[in-house]
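Have a look at the structure below before the remarks.
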Amino acid sequence: MSLPLATRPVVQIFVYSLLIKLLIGALMPLSPDEAYYWFWSHHPQLSYYDHPPFVSWIFALGQPFEKFLSLARLPAILIGQITFGLWLQILKDKFTTKQLVYFSLLYLLFPLTGPGSLIVTPDLPLLFFWTLSFLIFTRWLQEQSLRLTVALGLSLGLGFLSKYNMVLFFIFALVAVFTEKISYKKWLPQIPVLLVFFILASLPVWLWNLQNNFLSFAFQIDHGTGAKVWDPEWTLTYILGQMLLLTPFGVWALCRGSIRKEFRVYWIFALGPLLFFLITSFKGRVEANWPLVAFP
């Protein structure tokens, strides 16, 4: 992560927050969900019924540290902190040092991106690869090179190995391409390349589902949109839950957010997941963490 010297306070926040996370993560016992995914890491498969396998791979990396308190989550903590670092990289040329400090504090204090980053669930690698894909995509919008297309396909595929929500990135990216008025002659021929590397990177999930009658895909679709009759409580609890997660500080930041042209793509990826899951709340109960990728 290369940050200008002017952002030294941000680098200090990055280092100190990492040390605090390592300490808390080592002392905090594994939650029931984490124990579930830890069990997966000791019984490896190409994928699993209710989630893709990447979270189990993270725990597999932590197996050498299992005898030292709760340091089995050490690799996950590092991945979560690298995600924070990627956002600093994305924003370093757009924010002043003061704005980067505010962003850092908000990011680290938000329930899902701060304390939540200590909990090893599929959301953690999802947010990492979503962030990495966003970094690559914003550069791809400026230069539709084959190199960036391949990198984006691989990152999206690994994100799909983390959580199926990654597929939403395609929707928001397409909206951004049209919003930014990128010529279809530049991006349309690259779609096959993108899809090939996406499928290659996410191949374990496709193979597992082929072997198991696409049970995992069917479970997730039914889990989110399988209801026949709308219950108003779903939508109300979704809205209230997102307001609580946003916190008053997030509302303050949102109201002060810039609507300049250079941030148009950021708004698409910020509001897109929130609106998508608002719509799905009319077809089923939405868990509060599902729009996680919107918050950074």
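The values are calculated or read from the model by the stated rules, or taken from the named source; none is laboratory data. Keep in mind that what you see is a predicted model, and the values were worked out from it rather than measured. We place every Cβ from the backbone using ideal geometry, glycine too, and count neighbours over all the protein chains shown. Remember, those area values only see protein heavy atoms, side chains included, never the ligands or the DNA or RNA. Shrake-Rupley method; radii C 1.70, N 1.55, O 1.52, S 1.80 Å.
Peptides 241-251, 85-95 ordered by packing proxy, namely the average of other Cβ atoms within 10 Å per residue, highest first: 85-95, 241-251. Over 27 Å between Cα atoms, which of Lys21/Lys283; Lys98/Lys181; Lys181/Lys283; Lys92/Lys261; Lys94/Lys185; Lys163/Lys185 qualify? Correct reply: Lys21/Lys283; Lys98/Lys181; Lys181/Lys283; Lys94/Lys185; Lys163/Lys185. The calculated P(r) of the stretch 58-107, using every Cα pair and 10 Å bins from 0, goes 26, 33, 22, 18, 1 in percent.
Per residue, how much accessible area does the stretch 1-113 have with a 1.4 Å probe, in Å²? Let's see the in-between values first.
Numbers: 5890 Å² over 113 residues.
Per residue, the stretch 1-113 has an accessible area of 52 Å².
With a Cα-only, solvent-free Debye model of the chain, what are the log10 I(q)/I(0) values at q = 0.07 Å⁻¹? One equal scatterer on each Cα of the chain leads to -0.27. With a ≥ b ≥ c the root eigenvalues of the C-alpha gyration tensor of the stretch 32-83, is it rounded (a/c under 1.5), prolate (a/b larger than b/c) or oblate? Note, shape of the stretch 32-83 comes out oblate. Taking the protein heavy atoms of the stretch 233-296 in the context of the full set of protein chains, the accessible area attributed to carbon and sulfur is 75 percent at 1.4 Å. For the stretch 96-252, the equivalent ellipsoid derived from the Cα gyration tensor has semi-axes of 28, 25, 17 Å, listed largest first.
Across the accessible surface of the stretch 29-162, with the other protein chains kept in place and a 1.4 Å probe, carbon and sulfur atoms take up 70 percent.
With the Cα gyration tensor of the stretch 1-154 giving a ≥ b ≥ c as the square roots of its eigenvalues, does the rule (a/c under 1.5 for rounded; else a/b larger than b/c for prolate; else oblate) give rounded, prolate or oblate? Taking the square roots of the gyration eigenvalues as a ≥ b ≥ c, the stretch 1-154 is oblate.
Overall form of the stretch 172-252: oblate. Here a/c, set by the Cα gyration tensor axes a ≥ b ≥ c, is 1.5 or more, and a/b is not larger than b/c. Applying Stokes-Einstein at 20 °C and 1.002 mPa s to the Kirkwood radius of the stretch 125-169, computed over alpha-carbon pairs, gives a translational diffusion coefficient of 210 µm² s⁻¹.
Over the stretch 145-274, accessible surface divided per residue gives 57 Å², non-protein components excluded, 1.4 Å probe.
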